[in-house]
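A short write-up of the structure that comes next.
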Amino acid sequence: MFGFLPGPDQEVKANMDTSYPREDIFMTHPNKPDNAHTVVDIGSPTAPRDHLLWSLCNTVYLNLFCLGFMALVYSVKARDQKVHGNELAARRYGRKARCYNILATIWNIALPAFILALVITGIVHLSQVVNASLDFFNLQSFMGNTDDDSN
């Protein structure tokens, strides 16, 4: 037991690989074949959008050419189709609602901006006309007053 000949326990320790880190563990896995592919589940696709709130805002505010109302109609149709589980029709109606909402939003911004520009231009032009007419009448009254003073 205490001799120079190795016992069975010593022989096992001599044959064990004690190097660190052990790369051979990370090379292959015994349960997986070498040609296994990794599959990543990214989840279900996003639900189709119906843009209902945007349609309501466009319907209430200005609603030029009834574009906001058309967007509201398609938004409600998209929501109904989404509830029924028909995602293809819900996406189609959602895209139409988005297009009508974009057009309505452009009109709702462009028309008041155009009217504001016309009002500002009209005020500037009117002030120039008023100043010119005041200068004209002041000049005539000044010329009329000098004639009266000399007599």
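Bear in mind that the values in this text are calculations on the coordinates, not laboratory data. Keep in mind that what you see is a predicted model, and the values were worked out from it rather than measured. Using ideal geometry, Cβ is built from the backbone for each residue, glycine included, and neighbour counts are taken over all protein chains shown.
Quick look at the values:
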{"item": "For Trp54, net neighbour charge (Lys/Arg +1, Asp/Glu -1) across residues whose Cβ lies under 14 Å away", "result": "+4"}
{"item": "Ranked by how many other beta carbons lie within 10 Å on average, peptides 56-62, 118-124 from highest", "result": "56-62, 118-124"}
{"item": "Estimated distance in nm for a label pair at Cys57 and Asn131, the labels positioned 7 Å out from Cα along Cα-to-Cβ", "result": "4.0"}
{"item": "FRET E, pair Ile120, Arg95, Förster distance 41 Å, beta-carbon r, rounded to 0.05", "result": "0.60"}
